[in-house]
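*Asks:* Sharing a structure here in structure tokens format.
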Amino acid sequence: MKKTIMSLQHLLAMFGATVLVPILTGFDPSVAIFCAGVGTLIFHFCTEGKVPVFLGSSFAFIPVILAAKEAFNGDLAYAQGGIMVAGLLYVTMSFIVKAVGVEKIKRYFPAQVTGAMIGVIGLNLLPTAFNMASENFVIAGITLAIALCINKFGKGFIKQLGILIAVFSGYGLCLAMGLVDVSTITQASLFEIPKFTLPKFDLQAIIIIAPVVIAVFMEHIGDMTTNGAVVGKNFIENPGLNKTLLGDGLATIVAGFLGGPANTTYGENTAVLAITKNYDPALLRRTAVLAIGLACIGKFGGFLQSIPGAVMGGISILLFSMITLVGFKTVKDSNCIESKSNLVIIATIMVIGLGTTYLSNKGIVIGIPITQSVTITGLSLAAIVGIVLNRVLNNKDFKEKDTKTTVSPQATTV
């Protein structure tokens, strides 16, 4: 009984963010929860059951999923194809990490690139949050205020439930005001299999979505480092970053195939580990099984679809602002802004990532030989340009690290 309660805590911790992503993008929330559970079990299998991690819907993919959705007239099947390719890139990166070592890979993803990219992701998402909030700014404001108060004054487990409490409070207010369409609940069956959908593949969708892996690669390393620090183990070394990347990649491939958003390791559940001091990975596997079962309750899926947009808009403003701040904090903490070349890199990523999005909702049309013209989002272009520009402007740093690696092979050991 105690283990079940502990697993329910992890389920509640991941729940708010995991269902928010499909609600924002148009995927079926029940499928997303199912994929989160299956993805977590895949991750634990790949990492030999050593890492106490839960995988849920990735926020980093929201802007590119929306871009692909718009490019294909609302058909999310093409976004699924792009997500599967992104997962395949993750799997490929896991083999590269194993072959060449973590340190050599990390050099291409320094703070001036990853921090700026995370900031761009958050800022790109904020307009979506405000559009949802515009349905009823009063409801959105109350929901946001409740979340902020819990985040500021809440303690312990209550603080971890801040998103859920705010959403339920906003939902209850809307219900009292007659602003909730409950037909999705009444018409849903008690038990039903999630509505899985098969992917479609198109080069344009792949180019829109796949490059976001560049931005989330370092996020994965950060999550593994943080989780290891809480537990007191070095998971990057054992079972190894290559195995955690492999688990993340395979989970994302499965999610894309079944009709869910991309998966990623969840900091929310790491926070629960820190609070409870119970680091048993089996608890997370039990949570995954509970998530799979919950996804098959039709009434629950109907409830998620009935949540008013204003409620989700208020919560999204908080969450997307936090993503932006994480990016800026990454830059600040690394002291990379002391270099003029790094400032140029950061500015270039911000201008491309934000400018192309706001000046052209459809992105940049480029021609590729032997195929039709495709659209590449500002986010993807910013990531690619940022990596190349960092390699060019900081070429001296690359050479110095190569020299150190040659002199001391142990320099690449993590």
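*Asks:* Does S30 satisfy the criteria of being in contact with a Gly (Cβ under 9 Å, 6 or more places away or on another chain) and surrounded by 24 or more Cβ atoms within 10 Å (Cβ to Cβ)?
*Replies:* Numbers: in contact with a Gly (Cβ under 9 Å, 6 or more places away or on another chain): yes; surrounded by 24 or more Cβ atoms within 10 Å (Cβ to Cβ): yes.
Yes: the conditions hold for S30.
*Asks:* Okay, moving on. Among the residues of the stretch 132-191, which ones are within 21 Å of I23 (Cα to Cα) and in contact with a Lys or Arg (Cβ under 8 Å, 6 or more places away or on another chain)?
*Replies:* Those that are within 21 Å of I23 (Cα to Cα) and in contact with a Lys or Arg (Cβ under 8 Å, 6 or more places away or on another chain): I185, A188, S189, L190.
*Asks:* Tell me the residue from A116, A99 that is out of contact with any Phe, Trp or Tyr (no Cβ under 7 Å at 6 or more places or on another chain) and free of Cβ contacts under 8 Å to residues at least 60 places away in the same chain, please. Break it down stepwise before answering.
*Replies:* Values: A116 fails: free of Cβ contacts under 8 Å to residues at least 60 places away in the same chain.
Criteria check complete, one pass: A99.
*Asks:* Within the stretch 34-52, work out how many residues are touching a Pro at 6+ places or on another chain (Cβ under 8 Å) and β-branched (V, I, T).
*Replies:* Residues in the stretch 34-52 being touching a Pro at 6+ places or on another chain (Cβ under 8 Å) and β-branched (V, I, T): 2 in total.
*Asks:* Out of the residues in the stretch 227-262 that are farther than 26 Å from K104 by Cβ and in contact with a strand residue (DSSP E or B) (Cβ under 9 Å, 6 or more places away or on another chain), which is surrounded by the most Cβ atoms within 10 Å (Cβ to Cβ)? Quick ask: steps written out before the conclusion?
*Replies:* Kept after step one, since they are farther than 26 Å from K104 by Cβ, are these residues of the stretch 227-262: 230-232, 254-261.
Applying the additional criterion that residues be in contact with a strand residue (DSSP E or B) (Cβ under 9 Å, 6 or more places away or on another chain) yields 254-255, 260-261.
Working: V254: 18, A255: 30, G260: 33, P261: 31.
Ranking the qualifying residues of the stretch 227-262, first place goes to G260.
*Asks:* Among the residues of the stretch 191-206, write down those that are in a loop (DSSP other than H, G, I, E, B) and aliphatic (A, V, I, L, M). Walk me through it before giving the result.
*Replies:* As a first pass, look at the stretch 191-206 and keep what is in a loop (DSSP other than H, G, I, E, B): 192-202.
Scanning the stretch 191-206 gives I193, L198.
*Asks:* So, one more: Test F61 against the criterion of being touching a Gly at 6+ places or on another chain (Cβ under 8 Å), of a type outside the set (K, R), part of a helix (DSSP H, G or I) and buried (at least 24 other Cβ atoms within 10 Å of the Cβ), and give yes or no. Steps first, please.
*Replies:* Numbers: touching a Gly at 6+ places or on another chain (Cβ under 8 Å): no; of a type outside the set (K, R): yes; part of a helix (DSSP H, G or I): yes; buried (at least 24 other Cβ atoms within 10 Å of the Cβ): yes.
When the stated conditions are applied, F61 does not pass them.
*Asks:* Can you tell me which of G56, G74 is outside any helix (DSSP H, G or I) and touching a Ser or Thr at 6+ places or on another chain (Cβ under 7 Å)?
*Replies:* On the way: G74 fails: touching a Ser or Thr at 6+ places or on another chain (Cβ under 7 Å).
G56 is the lone residue from the list that is outside any helix (DSSP H, G or I) and touching a Ser or Thr at 6+ places or on another chain (Cβ under 7 Å).
*Asks:* Still on this model: Go through the stretch 189-233 and give me each residue that's over 19 Å from the mean Cα position of the chain (by Cα), among the aliphatic types (A, V, I, L, M) and modelled with pLDDT of 80 or more. Before you say what the answer is, go through the steps one by one.
*Replies:* Within the stretch 189-233, the first condition is being over 19 Å from the mean Cα position of the chain (by Cα), and the residues that meet it are 189-204, 228-233.
Restricting the remaining residues to those that are among the aliphatic types (A, V, I, L, M) gives 190, 193, 198, 203, 229-231.
L190, I193, L198, L203, V231 - these are the residues of the stretch 189-233 that are over 19 Å from the mean Cα position of the chain (by Cα), among the aliphatic types (A, V, I, L, M) and modelled with pLDDT of 80 or more.
*Asks:* Which one of the conditions (1) modelled with pLDDT of 90 or more; (2) touching a helix residue (DSSP H, G or I) at 6+ places or on another chain (Cβ under 8 Å) does G74 fail to meet, given that it meets all the rest?
*Replies:* Single failed check for G74: (2).
*Asks:* Looking only at the stretch 109-148, filter to residues that are of a type in the set (F, W, Y) and modelled with pLDDT of 80 or more; which one of those is farthest from S321 (Cα to Cα)? Write out each step before concluding.
*Replies:* Restricting attention to the stretch 109-148, the residues satisfying the condition of being of a type in the set (F, W, Y) are 109, 130, 137.
Those still in the list that are modelled with pLDDT of 80 or more too: 130, 137.
Values: F130: 12, F137: 17 Å.
Looking at the filtered set, the residue picked out is F137.
*Asks:* Something else now. Residue by residue through the stretch 149-179, note down the ones that are at pLDDT 90 or above and assigned to a helix (DSSP H, G or I).
*Replies:* C149, S169, G170, Y171, G172, L173, C174, L175, A176
*Asks:* Just checking, which of S30, S7, S94 is farther than 24 Å from A205 by Cβ, outside any loop (DSSP other than H, G, I, E, B) and over 14 Å from the mean Cα position of the chain (by Cα)?
*Replies:* Details: S30 fails: farther than 24 Å from A205 by Cβ; S94 fails: farther than 24 Å from A205 by Cβ.
Of the residues listed, the single one that is farther than 24 Å from A205 by Cβ, outside any loop (DSSP other than H, G, I, E, B) and over 14 Å from the mean Cα position of the chain (by Cα) is S7.
*Asks:* Go through the stretch 211-226 and give me each residue that's surrounded by 18 or more Cβ atoms within 10 Å (Cβ to Cβ) and over 30 Å from A77 (Cα atoms). If you could, list the steps in order and put the result at the bottom.
*Replies:* Taking the stretch 211-226 and keeping what is surrounded by 18 or more Cβ atoms within 10 Å (Cβ to Cβ), we get 211-221, 223-224.
Scanning the stretch 211-226 gives a single hit, M224.
The values are calculated or read from the model by the stated rules, or taken from the named source; none is laboratory data. Bear in mind the structure is a predicted one, so any value in this text is a computation, not a measurement. Heads up, the Cβs are rebuilt from the backbone with ideal geometry, glycines too, and the neighbour counts pull from every protein chain shown.
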